[in-house]
Amino acid sequence: MTDALVLSRLNKTFGGKAAVADLDLTVRSGELYALLGPNGAGKTTTLRMVAGLLAPTSGSISVFGIDALRDPAAAKAITAWAPDEPMLYDRLNPMEYLEFVAGLWGVDGKTARAKAEELLKWLGLWEERAQRCEGFSRGMKQKTALAGALIHDPKLLMLDEPLTGLDAAMARQVKDVLQERVRQGGTVILTTHILEVAERMADRIGIIQGGRLLAEGNLEELRALGGRSAASLEDLFLQLTEPATV
Amino acid sequence: MFRAGSIPWLALHELRMVLREMQRDKARVFQLVMLVVFMGALLACGVGLGLVVRETGLPPIDPRVIAVTDLVVLVMFSIMVSSTLARAAQVLYLRDDLDLLFSSPIPARKILAVRFAGIAFSVTIFWLFIAFGLVIPIAVLAMPQLLAILPVLLSLGLLSSAAGLLLTTVLFRLLGPRRTRVLAQVLSALIGASVFLVSQLPRLLNNVDTDYGRWGWIRDYATGEKHLDLPPQADLLLRAALGEPIPLLIVVGVCLGAFLLVTQGLGRRFARDAAIAVGSDASKRKAGKTGAFAAGAFAATLRKELRLLFRDIALFSQVLLRVFYMLPLAFVFVRNASSGHSLLLPGGAAALALMAGQLSSSFTWITVSAEDSPDLLVASPTAMSVITRAKLWAGLLPTLALVILPIVAVGIWSPWTGAVAAVGAFCSAWASGMLNIWYQRPGRRADFRRRGNVHWLLVIPILLVGGLIAGATFLAAAQMLWAIVPAVLAAVATLALRRTDKQILERLRTPD
């Protein structure tokens, strides 16, 4: 089966400073991959390059076999990107927002309307469908943005810190949505600071620092990497990233 | 330097925030240069006036001087109230750091007094600037007591700030949070426009065809043929501005007293209103039947932009002000066109073309450059050209809707002129829209009130191209072949200013 995402020797420099350095990373189709790293490790920069928002300095990006640098439109058509700050319009309501996003991804109007209704009901936003986003709580905004990311049924869903600022109930709902997505065969990549989330949800975890991949694997593989001193993912994470976090 | 929580300490905080806001403005170097040039010109005029006043002294205070002074103050005060009303509504709804300040143990009345004093200062600063350039040289060269103009201006600023606060609070009580926001913005625009409209009344009420009709009524008063009956104390402001101690004390005392009375009396209520205003937009809207979704990126983007445009009453009313300013001209045009004036119809067609360009420039500036989620657009597979085209049409449609009626009216009098006006208006609107696309500078919609109607770099090219198209429209409507010259020049200027998609992207990556 084709891998969902393959990054080869990916580099991005800002004013001579490397944000991502020779990053090689592979995400398999149908898995939930958690990208961990301290602040400034290059997680968001990596995802922004995959989403087509930043041009890499060098390297290649392949999304389900499509060269994202050569044919960005084709790669974008099967990808969704949800940053930590929801990309919403204050004066639109969720239905209008989903109509716009569906239009951008070329979803047929009739299909999009049905899908929007389904998503809003699934995410518990149906009753709020006529309310403008400006009055929404952080969690509701996050869920609206998530609905927008799912409206075109992407094969690859990328989320940057999707649980930041959510209360326990909302966070649980978002986690359920992501796991359901993977159960249905979708691929999810998320970045998070909450190591417990990665530990519980992710099929595989990648730890990056200084734009380089330090370790990768499932929980057992990572524990083995850390040796006896790494009892939990948190221990291993701190062990690997210690110089930067002290 | 100051005790934390004291009024000077709060004032310093306000000042710092204002300065930081100014530093964010990338156009500050250009603006600074213009300000220096303007101040130089003012000082030169001031020195000239100072030398004249030193030789001749000030003219005696007679009813005509008093009337002119009071009229100038009335115009100035109306503009100040218009600004303070808009800013009071902004304080109420945009809040900035108001939540932080209100959550501190500093009394709300103190916080609001400082904030509204800041508003008073900001609406006065333009007039202070002019007065400073003109008055300082006269004061130095001839009459030091003229410096009293500065405290009089500041006092008027305080009074207008109090009026803005009072009006906002009354509207809030009467209409509730949501309607207040809209009405305050619309009222503010109307107060500003009404000054202009009232100033044009004589032109509308008198026969414009004769020189006497236009200026005669003023001349009668100016030459003393008609006597002015002014109410008692009408000279108070003039005497205060000339530095007479008692009138000066009365003006400063009344304005300051009104300011303190309103801010201290309404401070707590305003703070409560501000708390209610938070989330007022979240008040429930009925969920009606949702219609069919737009098909395709172009239709979806067009629909989204039109929705956002019509829902931003403040920005929309700012743009519509331009139509208000054209109203007196339209009245004159309609009255004289019906009487068969030979050049008025082509003139009207040219004015319509110019207005269409201005309106389109403002609308497309909003639809193209006010984008809250640029990342969403870039992350989508839709080509940027499709999105931009939809944004252009979202700016063109309301423009065409606004000019279509006058064009039809012109067409009834003269089908040829109507057709030329339609072509001219469309070309002008299209060219302004394209210029806004080529030189777009995206930013958050919420920042747009601060950023003005259009990018400062674009003002001159838009006026140039719009002027050329208006000129071509005029000549074509008058059935003159010379119309080709400005039309070709407009086309050349537009093509010279054209940017490719690649250049636009480059520019977006390195904004000025």
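Coordinate-derived values only; no laboratory data. In this text, all values refer to a predicted model and were calculated from it rather than measured experimentally. Don't worry about glycine lacking a Cβ; one is built from the backbone with ideal geometry, like all the others, and counts go over all protein chains shown.
Which of A:Leu190, A:Leu23, A:Leu214 moves the most in a Gaussian network model of chain A with Cα springs under 10 Å? Of the options given, A:Leu214 has the highest mean-square fluctuation. For region A:119-126, backbone phi angles converted through the Karplus equation (6.51, -1.76, 1.60; θ = phi - 60°) give residue-by-residue couplings of 5, 5, 5, 4, 8, x, 10, 4 Hz, Gly and Pro being listed as x. Apply the a/c threshold of 1.5 to the C-alpha gyration tensor of region B:353-419 and tell me whether it is rounded, prolate or oblate. Note, shape of region B:353-419 comes out prolate. Amide H contacts for A:Val20 (H built 1.01 Å from N in the peptide plane; partners 5 or more residues away or on another chain; cut-off under 5 Å): A:Lys12. Using a Gaussian network for chain A with springs between C-alpha atoms less than 10 Å apart, which of these wobbles most: A:Gly165, A:Gly15, A:Gly37? Among A:Gly165, A:Gly15, A:Gly37, the largest GNM mean-square fluctuation belongs to A:Gly15. Legend: ranking of residues B:Glu55, B:Glu305 from fewest to most surrounding C-beta atoms inside 10 Å; resulting order B:Glu55, B:Glu305.
Cα centroid separation, region B:34-67 to region A:149-191: 70 Å. Among beta bridges identified by DSSP and lying wholly in chain A, the antiparallel ones come to about 55 percent. By the count of neighbouring beta-carbon atoms within 10 Å, fewest first, B:Arg115, B:Arg54 end up ordered B:Arg54, B:Arg115. Under 5 Å between amide hydrogens, built in the peptide plane, is the criterion, and for A:Leu214 it picks out A:Ile207, A:Ile208, A:Gln209 among residues at least 5 positions away or on other chains.
For chain A, the Kirkwood hydrodynamic radius comes to 18.6 Å, computed from all pairs of different C-alpha atoms. Overall, the anisotropy analysis places region A:64-116 in the oblate class: the square-rooted eigenvalues a ≥ b ≥ c of its C-alpha gyration tensor yield a/c not less than 1.5, with a/b not exceeding b/c.
Residues A:Arg212, A:Arg138, ranked from the fewest to the most other C-beta atoms within 10 Å, line up as A:Arg138, A:Arg212. Taking A:Ala147, A:Ala75, A:Ala224 in turn, the Gaussian network model of chain A (Cα-Cα springs below 10 Å) assigns the largest fluctuation to A:Ala224.
Phi angles across region B:404-410 convert, under the Karplus curve 6.51 cos²θ - 1.76 cosθ + 1.60 with θ = phi - 60°, into 3J(HN,Hα) values of 5, 4, x, 5, 4, 4, 4 Hz, Gly and Pro given as x.
Using a cut-off of 23 Å between Cα atoms, the listed pairs A:Lys121/A:Lys141; A:Lys12/A:Lys43; A:Lys143/B:Lys502; A:Lys155/B:Lys502; A:Lys110/B:Lys304; A:Lys43/A:Lys115 include A:Lys143/B:Lys502; A:Lys155/B:Lys502; A:Lys43/A:Lys115 as exceeding that distance.
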